[in-house]
Amino acid sequence: MKMISEFLLLSIVMFMTSSSLLASSSSNNYESFLLCLDIHSNFTIPIHSPTSSSYTSILHASIHNLKFMLPTIPKPKFIITPMHESHVQVTVLCCRQHSLQIRTRSGGHDFEGLSYVSYYVPFVLLDLIHLRTISVNIEDNTAWVQTGATLGELYYRIAEKSRTHAFPGGFCPSVGVGGHISGAGYGMLIRKYGVTADHVVDARLVDVNGRILDKESMGEDLFWAIRGGGGASFGVILAWKIRLVHVPPTVTAFIVPRTLEQGAKALVYKWQFIGDKLHEDLFLGVSIQAMHLDGDHNGTLPWIFRKFTTVNGTKFP
Ligand SMILES: Cc1cc2nc3c(=O)[nH]c(=O)nc-3n(C[C@H](O)[C@H](O)[C@H](O)COP(=O)(O)OP(=O)(O)OC[C@H]3O[C@@H](n4cnc5c(N)ncnc54)[C@H](O)[C@@H]3O)c2cc1C
């Protein structure tokens with residue numbers, strides 16, 4: 001009996017010693033990581049640790065799925081909000097040196113929270129919130145957009161310069177151009193102009209060695225991969241150079257609400273047979289919404305056709 005209790009005591013002491021050694025070695029690692037950022041950057045890098053007052057508000061700022069705010073969800077050891085491209089380079093190098101995973105966040109719309117959650121290893125959130133400059137060049141139909149910008153900001157900056165230029169991106173204005181374009185992307189202009197990533201003509205990316213590469217220096221394969229293969233697998237994309245497309249100055253939009261009682265099912269059925277034959281200037285979508293629910297959860301489902309057209313005289317069937 002005495003031997004068992006001595007063994008138990010020894011195991012507990014060993015466990016406590018090894019956990020405190022682990023804790024102190026990881027806190028040494030974090031201190032050395034912060035030192036690494038400090039000595040390799042000419043300008044102060046904004047770093048937010050869990051004890052900073054800014055930490056939670058920055059972390060939550062672009063979490064769109066509230067379940068990822070739960071206390072049980074792993075949180076980043078640090079949040080870094082780079083002000084310059086060089087801050088991204090230094091972050092990549094120091095994270096690599098200190099075995100910290102990087103989660104890169106642009107608009108934060110990832111359905112799985114992959115831009116700000118990692119389950120098995122300590123990680124740093126690289127939030128590109130300050131890298132959101134957009135410069136539109138109407139003369140050559142292009143724009144450079146930093147990946148912290150949202151689609152809405154991009155559309156706005158283009159519209160400021162021209163009513164007849166557009167970018168064929170997604171519907172939701174708060175989606176970030178970092179994740180959207182690197183995952184291909186599509187929106188209302190897809191029938192006429194294809195997916196969003198088809199309109200990227202150049203990019204700037206920080207690779208695992210902290211180098212900034214453009215289309216030419218990254219090579220054809222990597223340039224192909226970041227336009228649909230998910231940016232985070234390959235590096236941190238700093239900016240995209242995009243090609244703008246032409247649109248007419250006036251666009252017509254219709255919403256046609258139909259309930260099941262009003263024949264919504266027959267309409268959707270028919271739509272499947274004519275959808276692909278419509279003119280490519282016409283975009284037609286359907287969204288199904290629950291409405292007029294009473295206390296017994298009985299209700300009707302209006303099927304709303306959204307039609308955006310530039311074709312005169314096109315009739316809705
Ligand atoms: C409400 C809503 C509406 C949507 N509407 C559309 C739509 O109309 N059309 C459409 O095609 N899709 C749509 N999506 C999907 C959306 O395009 C993808 O979820 C996209 O990945 C989100 O990009 P983000 O930058 O906002 O997200 P984030 O969560 O920031 O990033 C998504 C992924 O990309 C990585 N990433 C982000 N920035 C970079 C970077 N600079 N370098 C490297 N990797 C990076 C992240 O690490 C993560 O893995 C929608 C999503 C939501 C939630």
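The values are calculated or read from the model by the stated rules, or taken from the named source; none is laboratory data. These figures come from a predicted structure and were not determined experimentally. Cβ placement follows ideal geometry from the backbone for every residue including glycine, while neighbour counts extend to all protein chains displayed. Note: accessible area is taken over every heavy atom of the protein model, side chains too, but ligands, DNA and RNA are not part of it. Shrake-Rupley method; radii C 1.70, N 1.55, O 1.52, S 1.80 Å.
Rundown of residues vs (1) more than 18 Å from SER233 (Cα to Cα); (2) without any contact (Cβ under 8 Å) to a residue 24 or more places away in the chain; (3) touching a Lys or Arg at 6+ places or on another chain (Cβ under 6 Å); (4) not in a loop (DSSP other than H, G, I, E, B), yes/no style:
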position: LEU59; (1), (2), (3), (4): yes, no, no, yes
position: ILE73; (1), (2), (3), (4): yes, no, no, no
position: ILE79; (1), (2), (3), (4): yes, no, no, yes
position: VAL88; (1), (2), (3), (4): no, no, no, yes
position: LEU93; (1), (2), (3), (4): no, no, no, yes
position: THR104; (1), (2), (3), (4): no, no, no, yes
position: HIS109; (1), (2), (3), (4): no, no, no, no
position: SER115; (1), (2), (3), (4): no, no, yes, no
position: LEU125; (1), (2), (3), (4): no, no, yes, yes
Inset, instruction - Please go through segment 99-114 and pick out each residue that is open to solvent by 50 Å² or more (accessible area, probe 1.4 Å) and within 7 Å of the ligand (Cβ to nearest atom). - result: HIS109, ASP110, PHE111, LEU114
Legend entry - Criterion violated by ILE190 - all others in (1) out of contact with any strand residue (DSSP E or B) (no Cβ under 6 Å at 6 or more places or on another chain); (2) hydrophobic (A, V, I, L, M, F, W, C); (3) without any contact (Cβ under 8 Å) to a residue 60 or more places away in the chain satisfied: (3)
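Yes/no matrix, rows are residues, columns are (1) of a type in the set (Val, Ile, Thr); (2) within 16 Å of the ligand (Cβ to nearest atom); (3) closer than 30 Å to VAL90 by Cβ:
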{"position": "SER233", "(1), (2), (3)": "no, yes, yes"}
{"position": "LEU238", "(1), (2), (3)": "no, yes, yes"}
{"position": "ILE242", "(1), (2), (3)": "yes, yes, yes"}
{"position": "THR250", "(1), (2), (3)": "yes, no, no"}
{"position": "ALA264", "(1), (2), (3)": "no, no, no"}
{"position": "LEU267", "(1), (2), (3)": "no, no, no"}
{"position": "ASP281", "(1), (2), (3)": "no, no, no"}
{"position": "GLN289", "(1), (2), (3)": "no, yes, no"}
Inset, instruction - Go through the residues of segment 86-98 one by one and say whether even a single one is modelled with pLDDT of 95 or more and surrounded by fewer than 14 Cβ atoms within 10 Å (Cβ to Cβ). - result: yes
Legend entry - Residues that are within 13 Å of the ligand (Cβ to nearest atom) and open to solvent by less than 60 Å² (accessible area, probe 1.4 Å), drawn from segment 130-152: LEU131, VAL145, GLN146, THR147, GLY148, ALA149, THR150, LEU151, GLY152
Inset, instruction - For segment 48-55, state whether one or more residues are at pLDDT 95 or above, more than 13 Å from the ligand (Cβ to nearest atom), under 22 Å from the mean Cα position of the chain (by Cα) and crowded, with 20+ Cβ neighbours inside 10 Å. - result: yes
Inset, instruction - From PHE167, PHE171, grab the single residue that is within 11 Å of the ligand (Cβ to nearest atom) and over 18 Å from ASP127 (Cβ atoms). - result: PHE171
